[in-house]
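What follows is calculated from the coordinates using simple rules that are stated; it is not laboratory data. This one's a predicted model, so the numbers in the text were calculated from it and none came from an experiment. For neighbour counting, all protein chains shown are included, and Cβ atoms are generated from backbone atoms with ideal geometry for every residue, glycine included.
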Amino acid sequence: MPRPKKMRLVSEYPLMSGYLPENMQPTGTVELSVEGMEAIRLSDFEGLPHEAASVQMGISRQTYGRILAEARKIIAEALVTGKRIRFGGGMYTLHNGHRRRRHRGRH
């Protein structure tokens, strides 16, 4: 029996719902989870080391690395193939205590 997933702490829900390629019709859509967006923000925007970022999200360093790698792959796929990026889904809790639990593909 797999171990239950631990809720990830995120600072806030993304301010926008997604991104679209400019000057072309999107070739599809990829979904970036809320915790994936938080991992990108902490490492690539804030410049935090993985250890500090994982503590801030309340997860292990290894789990953080996996979430970050998956988020970067999703973003790379969208940039290279001209897909729309939609933010949402995942298992997370906002720092202010509001709990959210969304799975990919459900709204």
task: Can you tell me the 0 to 90 degree angle between the C-alpha axis of helix 61-81 and the longest principal axis of the chain, rounded to 10?
output: 0 degrees
- prompt: For the chain, what is the mean residue ellipticity at 222 nm derived from helices alone (per DSSP H run of n ≥ 4: -39500 (n - 2.57); sum divided by total residues; nearest 500 deg cm²/dmol)?
  reply: -10500 deg cm²/dmol
field: Local net charge near Ala76, Cβ-Cβ under 12 Å (Lys/Arg +1, Asp/Glu -1)
entry: +1
- request: Give me the net charge of Gln56's neighbourhood, meaning all other residues with Cβ under 15 Å from the Cβ of Gln56; Lys, Arg count +1, Asp, Glu -1.
  value: -2
task: Could you list which residues have their amide H under 5 Å from that of Gly18, counting only those 5 or more apart in sequence or on another chain, with H placed in the peptide plane?
output: Phe87
